[in-house]
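Structure record follows, encoded as structure tokens.
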Amino acid sequence: MIKRSLSRALTFISDRSALMLSESDSAVILKLREVFRNSGFVIGFQAINTVGGFLLVLLIARYLGSKALGQYAIGASLTGLVIGILNFGIQGILIREISKSPDNATDYLGNGLGIRFFLTFPLGIGISYFIAILLGFRGDLLIVILLMALFTCTSSVTGLFYGAFQAFGKFEFQFTIASTYKILSLIGTFILLRQGQNLISIIFLFILLQFASIIFSALLLNKKFFPVSVKIDPKFWLGFIRESFPLALGGTAEFINLKSDALILGTFKGDVVTGIYNGAYNIYLGAVFLPYSVAVAFLPSVSNLFNVSKDKAFRLFRNVSLLILAISLILTLGLFIFSKNMVLLIYGKKFLSSSYPLMILALGLPFISLNRLCNRFLTAAGLQKWMFYIISTGAVFNIATNILLIPKYSYIGASITTVITEGLVLGLQMWKIYRYDKTC
């Protein structure tokens, strides 16, 4: 019911947007409607994922406290950084290439799975362990980091299957599988916590459910679209990684912009402060789900439209940009005004301090929302190298500013750094897109 209502609402908005285009722009109108249709499924999943994420953080905070929440944030930040690089950015290229030519699906997915299992898994877990030891993490935190590395690796495999579904325009399959995973993980977490289990048991549950998602996704793709197999083709791997690696570096730089603050906070201020900041940051990321969903649905459509006309692709980009900007401004206002109420409702009085970084982070919502759209447009245009250059600039700025501000201003400094970084990256991406529009 929720998904159907959202789809109808988005279809209505898309029809209004279509009126702004001339009759000669029928390809743009069709693709715009396709974006909104797919957005309905993505938004449905993101809604469940966001609510589930809120409840998960709430359960960890209330049952295990800010220390466990801080450990979870540190583990996610460290392993996400390492494995983000070792994902090699192949998911974005996989979506683009299968969207353009579905006959290539078997080769791209099969070799993508080979890269994941034989490169990402062993290197990701090993390097995460080495860095954790180097940073002085021991005991339960070290175990959490290792398990989070395994979980992140399995999630990256699931992500390839989701990419294949997106490329075929079957967002409803991703919606069903991912939503089922989120609901089961939330129910399982609640049961484990009620039985007195700790964070390590919860992460074990997440890993098992991710493996189940991988198996089901493979069976569904094999039945509906094409045979799924793991391929080992070193020549294909090399070309695949060479083309996609700028996306990996760009994605890693983006991850640094999003998550380095938790790792630096954990190093300088400890688990508890990291947990307080992470409470605010989870609400902030949750608020991005609606504009982010539109951006995710945008990539397959604009990739296909580039084959027809670059001018029409730019028209689609401008229309979707206006929609995302409007949504994000409304969310910013609500989050800024009701930050304390939201923190009290979700976490309780023990996390009241989270409301202060949340008010600052709310100001960055328009920046981060439009950044997601620009990322996908640059990928569709084949400008992933420029995306890497821009986001890397933001990552260097983010790390330097966090190291400068966090020791003195703690999570307030981290919040300010996040907002400024997202604004910087957005400005550079829009500049590149403007230049590309003028020269193509």
Inset, instruction - Identify, among PHE161, LEU119, ALA47, the residue whose Cα sits farthest towards the positive end of the charge dipole of the chain, taking +1 on the Cβ of Lys and Arg and -1 on the Cβ of Asp and Glu, with the dipole about the Cα centre. - result: ALA47
Inset, instruction - For the stretch 194-206, take each phi angle, set θ = phi - 60°, evaluate the Karplus expression 6.51 cos²θ - 1.76 cosθ + 1.60, and give the result in whole Hz per residue in order, putting x for glycine and proline. - result: 5, 8, x, 6, 9, 4, 4, 5, 5, 5, 4, 4, 4
Legend entry - Per-selection metrics, the chain (Cα): Rg and Dmax in Å: 20.9, 65
Legend entry - Whether the stretch 318-435 is rounded, prolate or oblate, judged on the alpha carbon gyration tensor where a/c under 1.5 counts as rounded: oblate
Inset, instruction - Binning at 10 Å from 0, report for the stretch 214-273 what percent of all alpha-carbon pair distances ends up in each bin. - result: 18, 20, 28, 21, 12, 0
Legend entry - Highest-first arrangement of 151-162, 391-402, where packing means the average Cβ count within 10 Å: 151-162, 391-402
Inset, instruction - Give the order of PHE117, PHE168, PHE175 when sorted by the count of other beta carbons within 10 angstrom, beginning with the fewest. - result: PHE117, PHE168, PHE175
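Is there a quick way to get the dipole size of the stretch 187-284? I mean about its Cα centre, with the Cβ of Lys and Arg at +1 and of Asp and Glu at -1; what is the value in debye to the nearest 20?
340 debye
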Legend entry - Dimensions (Å) - the stretch 373-418, Cα atoms, principal axes, largest first: 42, 17, 7
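Counting each DSSP H run of 4 or more residues in the chain as -39500 (n - 2.57), what helix-only mean residue ellipticity at 222 nm follows after dividing by all residues, to the nearest 500 deg cm²/dmol?
Using -39500 (n - 2.57) per qualifying helix, the result is -30500 deg cm²/dmol.
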Inset, instruction - Calculate one ³J(HN,Hα) per residue across the stretch 339-353 by plugging θ = phi - 60° into the Karplus curve 6.51 cos²θ - 1.76 cosθ + 1.60, and present them in order as whole Hz with x for glycine and proline. - result: 4, 5, 4, 5, 5, 5, 5, 7, 10, x, 5, 4, 10, 4, 4
Inset, instruction - Using +1 at the Cβ of each Lys and Arg and -1 at the Cβ of each Asp and Glu in the chain, identify which of LEU333, ALA212, PHE268 lies farthest towards the dipole's positive end. - result: LEU333
Legend entry - Theoretical gain in end-to-end length, ARG194 to LEU345 [0.36 nm per residue, Cα-Cα removed]: 52.3 nm
Inset, instruction - Beyond 31 Å between alpha-carbons counts as too far, so tell me which of LYS223/LYS432; LYS385/LYS408; LYS235/LYS438; LYS67/LYS170; LYS67/LYS340; LYS170/LYS340 fall in that bin. - result: LYS223/LYS432; LYS385/LYS408; LYS235/LYS438; LYS67/LYS170; LYS170/LYS340
Legend entry - Order of THR439, THR418, THR274 under a 10 Å beta carbon neighbour criterion, fewest first: THR439, THR418, THR274
Inset, instruction - Assuming a ≥ b ≥ c are the square roots of the Cα gyration tensor eigenvalues, decide whether the stretch 107-240 counts as rounded (a/c under 1.5), prolate (otherwise, with a/b larger than b/c) or oblate. - result: oblate
Legend entry - In Hz, Karplus ³J(HN,Hα) per residue of the stretch 285-291 (6.51, -1.76, 1.60; θ = phi - 60°; x = Gly, Pro): 5, x, 5, 7, 4, 5, x
Legend entry - the chain: relative contact order in percent, alpha carbon pairs under 8 Å with at least 6 residues between: 23 percent
Legend entry - Computed magnitude of the charge dipole of the chain (debye, nearest 20; Cβ of K, R +1, Cβ of D, E -1): 440 debye
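Here, each number is a calculation from the coordinates, and none is a lab measurement. What you are looking at is a predicted structure, and each value in this text was computed from that prediction instead of being measured. Because the Cβ atoms are built from the backbone with ideal geometry, glycine has one as well, and the counts that use them run over all protein chains shown.
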